[in-house]
Amino acid sequence: MSYDITEYKNTIKDTKKWLADGLSRSTGKKFLMAMTGLFLITFLMVHLFGNLLLLVNDNGISFNEYSKNMSHSKIIRVMEIFLFTGFIFHIGFGATVSIQNRLARKIPYAVIKSSETSSFFSRYMFHTGSLVFIFLLLHLNSFFIPHRVLESGLSMYESALIVFHNPLFVLFYIFAMILLSFHLMHGFQSAFQSLGIHHNKYTPSIKLLGRFFALVVPLVFAVIPVYIYFWK
Amino acid sequence: MKMNIKIWRQAFQTTRGNFQTYILENMDDNMSFLEMLDVLNEKILHEGGDPVSFSHDCREGICGSCGVVINGRVHGPLQGVTTCQIYMRHLKHYKTLVIEPWRARAFPIIKDLVTDRQAFDRILQAGGYISINTGGIPDANATPIGRHIADQAFAAASCIGCGACVAACPNASANLFVSAKISHLAFLPQGQPEKNHRVESMLKAMDKEGFGNCSNTAACEFECPKGITLKNIAKLNREYFEALFRSSLEEHPTHPHHGKGDEVAHAAFHDTHEK
């Protein structure tokens, strides 16, 4: 069977146009924000289970073994590419829609009573997201870069002890987790709404689950550096 | 009742506006908010000034013409009503009323409190219709529709296009308006033949007007005088995802019908009469 190269090129061109048109509409961007957001939520859970190993009282043997397995696993390496793509899309589209939203109202209202009409968390997604992004960069700088890029001789557990004995970093970590909680308070249930999942039967449960997740997950994350700072 | 009335004054679309404060005395509690503006305008006219322009038509909450922001609240501090349904007794605890027009890039100010909401008309022209041939009245029993479906379609159809959703949204997004128009037709059998093209071209038209993106803050739902809910936006999202996969090439937004209904109708009329 012969396959013309121009036909192949046209197929790619058509697919690109279809996706670019579809996802560049405001509803398309919203879809991408929701999908990447939910993907990052699943990542948070995986990350948290790993972190919990820091609390095991065996001088970091299980935590080191876990992090070694993670960095040698082929599946995790592939997932890592998805994860970085997810972060880039979520942050990139988040910034784009925020700028577009600012431009959509050039003259602000003289009197603003938005606290009466919408939730605090929903109005500050850009602010909480930006600060969590700054935290993410610092976090990559203290764990991902030394271990995966520079291949330093320290074990993951030793790195964690060094970083979490810096009081400024521990304070910033707690601050970032509070902001992550704020971000998730709106983000979790908002993602479902953006995907068109809204029904009287289950939307109240999704909202409740979202609040629970936004409260518990950042709290458990924040407990770990505090525990290490005071008791390790 | 005596009150300071601080109103946005802007002579033309292109000029810069600013707030001007007027003092009104001896107001009646049972005066409507728009009657208060009428009285204020009488006073300004007597003093030889330029009266305040504001939109209004039916003054009974069903036309969608009126609409201003009163002390930071769209259509005033009450829920589920338009500006014309606000009475001075609802506002008497304020010393000063700050009255602003809808603020959105897509709704340019024509004068004072009057905004140009034709952006909504252009979105409707892009797909907010069904194409059927006229003829005899269809039999009432010919198209069965479930009761709760009919109720949902009717609830969506109660949107009066006042623009409060855009004015209330922190992002000046028009998603609630568009979703009401989409859902209203998407729920009913008559809306099915054109549903894919409808959502694609209406969303395209919406984005072209320069509205913001929906971030699910739900401020629109809170302020909507007709109680349009966020469920409609979820429906809009579902309709859009479906259309992404199902719309045919013939339904592509470059189809000659879109937004040119009159021209096509005229051409068809002349065609048949010339032959």
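Which helices count as membrane-span-like in chain A under these terms: full DSSP H, at least 15 Å along the axis by C-alpha, Kyte-Doolittle mean of 1.0 or more?
Numbers: long enough: A:5-24 (28 Å, -0.83); A:26-52 (39 Å, 1.17); A:61-72 (17 Å, -1.01); A:74-103 (44 Å, 1.02); A:125-139 (20 Å, 1.73); A:167-194 (39 Å, 1.33); A:203-231 (41 Å, 1.58).
The qualifying helices are A:26-52, A:74-103, A:125-139, A:167-194, A:203-231.
Consider just the alpha-carbon atoms of chain B and return their Rg together with their Dmax, both in angstrom.
Over chain B's Cα set, Rg and Dmax evaluate to 21.5, 71 Å.
Semi-axes of the equivalent ellipsoid for the stretch B:71-173, please: Cα gyration tensor eigenvalues, times 5, square-rooted, ordered largest first, whole Å.
Over the Cα atoms of the stretch B:71-173, the semi-axes work out to 36, 20, 12 Å.
In the stretch B:1-58, which GluC sites (Glu not before Pro) are in a loop and have at most 14 other Cβ atoms within 10 Å, using DSSP for the loop call?
Those satisfying the criteria are B:Glu25, B:Glu47.
Tell me, rounded to the nearest percent, the portion of alpha carbon pairs in the stretch B:3-111 spaced more than 23 Å apart. All intermediate terms of the calculation are to be shown ahead of the outcome.
On the way: 1392 of 5886 pairs.
It works out to 24 percent of all Cα pairs.
For chain A, set up a Gaussian network in which alpha carbons nearer than 10 Å are linked by springs, and say which option among A:Phe164, A:Phe63, A:Phe120 fluctuates the most.
Highest fluctuation of the listed residues: A:Phe120.
For A:Lys106, go through the lysines and keep the ones whose alpha-carbon is under 30 Å away, minus same-chain ones fewer than eight residues off.
A:Lys29, A:Lys30, B:Lys6, B:Lys95, B:Lys111, B:Lys181, B:Lys204, B:Lys208, B:Lys226, B:Lys231, B:Lys235
Normalise the Debye intensity by I(0) for the stretch A:16-81, one equal point scatterer per Cα, no solvent, then take log10 at q = 0.15, 0.17, 0.19 Å⁻¹ and round to two decimals.
Values, matching the q order: -0.66, -0.74, -0.82.
Rounded to the nearest Å, what's the spacing between the alpha carbon centres of the stretch B:1-79 and the stretch A:72-112? Just the number, please.
41
Using helices alone, what [θ] at 222 nm do you get for chain B, with -39,500 (n - 2.57) per DSSP H run of 4 or more residues, divided over all residues and rounded to the nearest 500?
Helix-only estimate at 222 nm: -11000 deg cm²/dmol.
Looking at chain B, what % of its DSSP beta bridges pair antiparallel, to the nearest 5?
Approximately 75 percent, going by the DSSP bridge assignments.
In deg cm²/dmol and to the nearest 500, what is the mean residue ellipticity at 222 nm of chain A if only DSSP H runs of at least 4 residues count, each as -39500 (n - 2.57), divided by the residue total?
-26000 deg cm²/dmol
Express as a percent, rounded to the nearest 5, the fraction of DSSP beta bridges in the stretch B:3-111 (both residues included) that run antiparallel.
Just about 75 percent of them are antiparallel.
Is there a quick way to get the dipole size of the protein assembly as shown? I mean about its Cα centre, with the Cβ of Lys and Arg at +1 and of Asp and Glu at -1; what is the value in debye to the nearest 20?
Approximately 1020 debye in magnitude.
Hey, got a sec? Which trypsin sites (Lys or Arg not before Pro) in the stretch B:1-91 land in a DSSP loop and have at most 12 other Cβ atoms within 10 Å? Please list the in-between numbers first.
Working: sites: B:Lys2, B:Lys6, B:Arg9, B:Arg16, B:Lys43, B:Arg59, B:Arg73, B:Arg89; in loops: B:Lys2, B:Arg16, B:Arg59.
Those that pass, being in a loop and sparsely packed, are B:Lys2, B:Arg16.
Averaging sequence separations of C-alpha pairs under 8 Å and six or more residues apart, then dividing by the length of chain A, give the relative contact order as a whole percent.
27
Send over the per residue convex hull volume for the stretch A:155-222, Cα only, as a whole number of Å³. Provide the component values of the computation, followed by the final result.
Working: hull volume 6.0 nm³, N = 68.
Per residue, the Cα convex hull of the stretch A:155-222 comes to 89 Å³.
Once you order the gyration tensor axes a ≥ b ≥ c over the Cα atoms, which shape class does the stretch B:23-63 get: rounded for a/c under 1.5, otherwise prolate or oblate by comparing a/b with b/c? Working shown, then result.
Working: a/c = 3.74, a/b = 1.37, b/c = 2.73.
Cα axes put the stretch B:23-63 in the oblate bin.
Place a +1 charge on the Cβ of each Lys and Arg in chain A and a -1 charge on the Cβ of each Asp and Glu, then give the dipole magnitude about the Cα centre in debye, rounded to the nearest 20.
That gives a dipole near 900 debye.
Tell me, rounded to the nearest percent, the portion of alpha carbon pairs in the protein assembly as shown spaced more than 38 Å apart.
On the way: 54215 of 128271 pairs.
Percentage above 38 Å: 42.
Could you tell me which of A:Ser122, A:Met35, A:Met177 has its Cα farthest along the dipole of chain A towards the positive end, charges placed at Cβ (Lys, Arg +1; Asp, Glu -1), taken about the Cα centre?
Among A:Ser122, A:Met35, A:Met177, the one farthest towards the positive end of the dipole of chain A is A:Ser122.
Quick note: the coordinates plus some simple rules give every number you see, no bench work behind them. What you see is a predicted model, and the numbers here were worked out from it, not measured in a lab. We place every Cβ from the backbone using ideal geometry, glycine too, and count neighbours over all the protein chains shown.
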